[in-house]
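Worksheet for the structure shown next.
The values are calculated or read from the model by the stated rules, or taken from the named source; none is laboratory data. Just so you know, these numbers come straight off a predicted model, no measurement behind them. All Cβ positions, glycine included, derive from the backbone under ideal geometry; neighbour counts span all protein chains shown.
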Amino acid sequence: MATVKNLLNTKGNDVWTVPITATVKETLKLLAEKNIGAVLVLEDKKIVGIFSERDYARHAAQEESMLLDVLVSGLMTRSIYYVGPQQTVDECMALMTSKHIRHLPVLDAEQKLVGLISIGDVVRQLLEEKETTIQGLENYILGREYSG
Amino acid sequence: MATVKDLLQGKFTQVWYVTPTSTMRDALKLMAEQKIGAVLVVEAGKIVGIFSERDLARQALEENIDMNTPIGEVMIRAVYYVTPEQSVESCMALMTVKRFRHLPVIESGKLVGVISIGDVVKQLILEKETTIQSLEEYIWVHMI
């Protein structure tokens, strides 16, 4: 059963953040640069929010404005679900589905930020597992030696 | 092996769309109202593009883009699609490789729905028989 730790081993531990003083424009630039869909917002090294493409789309629709010079703190989501490295990918899927979210920061036992996973990372992991299972079955049927 | 048809079964089959002359404002309001992350762009009964939250986030940084900009100027024109008989796994592969979160479903040349990465994950959970309802009982649901 794959864990969050396995996901991070594949994707890496980079977590992109912006300070609470960042504007929407600066934040969107970071999202574009890193080709990601969400960033954490920090104040004095503490996580105070998460800002995603969805937050932007919903606020822009409501305000009928591009909101580029607005502070990201005005649009970010303040209640943030997170997971620990030992949790399973299944638990992540259930949480993402239940709360209708696409990103989960990963905090270790000391509450230290060690990564951020997305629904895309989860799907990629599951895809890899399916291929491994299929390959493993093929090897078994053809009598190839299992060297895992 | 679950197919795209299985994914559509659990969904509302209304497909929301705008036209190339609809404004960004129109598209975003529709997406917010219907709680969706992407909208198809249709002209004379044909799909001519797709516009997503990601496209908004990237286009917002371009010059001269505002809420009055016609969707035809900011939409993505190359639209990948799937058919109802395709496996959910093939959708996962397409979404992963192309970094898409939405795929229109075409059957005999007709648009019959749009599936999202969220629909795929929901299906995968159902297959694993994980109960979402009992999630609230888990002590490990952490929040900041």
>> With the requirement that a residue be more than 7 Å from every other protein chain (Cβ to nearest Cβ) and at negative phi, what does segment A:63-73 give you?
In response: A:E63, A:D69, A:V70, A:L71, A:V72, A:S73
> Can you list the helices (runs of 4 or more DSSP H) found entirely within segment A:43-148 that contain at least 2 residues being at pLDDT 95 or above and in contact with a strand residue (DSSP E or B) (Cβ under 8 Å, 6 or more places away or on another chain)?
Replying inline: A:53-63, A:89-99
>> Considering only residues that are of a type in the set (V, I, T) and more than 11 Å from the chain's Cα centre (by Cα), which ones fall in segment B:29-49?
In response: B:V41, B:V42, B:I47, B:V48
>> Within segment A:21-33, does at least one residue satisfy the condition of being in a strand (DSSP E or B), more than 7 Å from every other protein chain (Cβ to nearest Cβ) and buried (at least 20 other Cβ atoms within 10 Å of the Cβ)?
In response: no
> Based on what the data block shows, is A:R54 basic (K, R), over 16 Å from A:V18 (Cα atoms) and within 10 Å of chain B (Cβ to nearest Cβ)?
Replying inline: yes
> Can you pull out the residues in segment B:12-37 that are under 19 Å from B:F100 (Cβ atoms), small (G, A, S) and either away from chain A (no Cβ under 14 Å) or surrounded by fewer than 23 Cβ atoms within 10 Å (Cβ to Cβ) (or both)?
Replying inline: B:G37
>> I need a count of the residues in segment A:1-57 that are acidic (D, E) and more than 18 Å from the chain's Cα centre (by Cα).
In response: 3
>> I want to confirm something. Restricting to segment A:34-51 and keeping residues that are surrounded by fewer than 21 Cβ atoms within 10 Å (Cβ to Cβ) and of a type in the set (A, V, I, L, M), which single residue is nearest to the other protein chains (Cβ to nearest Cβ)?
In response: A:I47
